[in-house]
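Got a structure for you, written out below as structure tokens; questions coming shortly.
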Amino acid sequence: AYRIILKAREARAPLDLDLPEYKIDIGPDGRISGVRIGDKFESMKLIEEFMIQANVCAAETAEAQHRK
């Protein structure tokens, strides 16, 4: 499913901000024990794209209402 949506995304030529998501590890003492780059699964990217599509739909609807 994500690959199909990815093709539509590429056609829009969006600004690509595919930045890493950092995870902070906390030790048993409550202090930071490490910082690492978290995993980014295809399912997470699919959800992100759905959120973007929802924003696009909301913007198009608001613009159409404004024109009336």
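Could you grab me the full set of residues in region 1-37 that are assigned to a helix (DSSP H, G or I) and either in contact with a strand residue (DSSP E or B) (Cβ under 8 Å, 6 or more places away or on another chain) or of a type in the set (Ser, Thr, Tyr) (or both)?
Tyr2
Another question, then. Under 7 Å by Cβ, and 6 or more places apart or on different chains, what pairs join a residue from region 44-68 that is among the basic types (Lys, Arg) and part of a helix (DSSP H, G or I) with one that is modelled with pLDDT under 90 and surrounded by 10 or more Cβ atoms within 10 Å (Cβ to Cβ)?
Every condition considered, the pairs that remain are Lys45/Tyr2.
State all residues of region 26-68 that are acidic (Asp, Glu) and surrounded by 10 or more Cβ atoms within 10 Å (Cβ to Cβ); if no residue qualifies, say none.
Across region 26-68, the qualifying residues are Glu42, Glu48, Glu49, Glu60.
The values are calculated or read from the model by the stated rules, or taken from the named source; none is laboratory data. As the structure is a computational prediction, the values presented were derived from the model and not from experiment. Quick reminder, even Gly has a Cβ in these numbers, built from the backbone with ideal geometry, and neighbours come from all protein chains shown.
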